[in-house]
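Trainee: Here it is: the structure, laid out below.
The values are calculated or read from the model by the stated rules, or taken from the named source; none is laboratory data. Note that this is a predicted model, so its numbers are computed, not measured. Heads up, the Cβs are rebuilt from the backbone with ideal geometry, glycines too, and the neighbour counts pull from every protein chain shown.
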Amino acid sequence: MTTIRSLNPGSAWRQIQAEAGSVLIDVRDPVEFAFVGHPVGAVNVPWKMAPDWRPNPQFIERVRQLGGADTPLFLLCRSGQRSLDAAKALAESGYRNLTNIEEGFEGPLDANGHRGTLGGWRCAGLPWEQS
């Protein structure tokens, strides 16, 4: 069984830069990816999409277009849960080099119900952009 690594955003960014052939996959809905923002260089392959939030039936095939079973894949979503579920699906499909990015792009909710203040890619000051 494949072990899915789990790294915080800063450690993941350093590993992506150090590991040749790495692919950073943002598994959020295309609207989140475009309007909320995304890591520079991330490829958007949605795991689940609004409005029904069911798994994307083309997810595995789209990932196959990006790399094979040993390609270093780093997965990110809003908070780290969807990306973990997507990584598990990839592991079941034979992928072996998987990393879930803890905290995701926006991080956990703070006391006021807001994201982006306690953790996540953007809060860590890592490179990101909006479409």
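Trainee: Evaluate the following for Glu103: is it touching a residue at least 40 places away in the same chain (Cβ under 8 Å) and in contact with a Gly (Cβ under 6 Å, 6 or more places away or on another chain)? Give the steps one after another, and end with the answer.
Mentor: Numbers: touching a residue at least 40 places away in the same chain (Cβ under 8 Å): yes; in contact with a Gly (Cβ under 6 Å, 6 or more places away or on another chain): yes.
So Glu103 fits the description; yes.
Trainee: How many of the residues making up region 3-38 are crowded, with 16+ Cβ neighbours inside 10 Å, of a type outside the set (Asp, Glu) and part of a loop (DSSP other than H, G, I, E, B)?
Mentor: 5
Trainee: Could you count how many residues in region 85-103 are closer than 22 Å to Ala20 by Cα, in a loop (DSSP other than H, G, I, E, B) and either of a type outside the set (Phe, Trp, Tyr) or at pLDDT below 95 (or both)?
Mentor: The number of residues fulfilling the criteria is 4.
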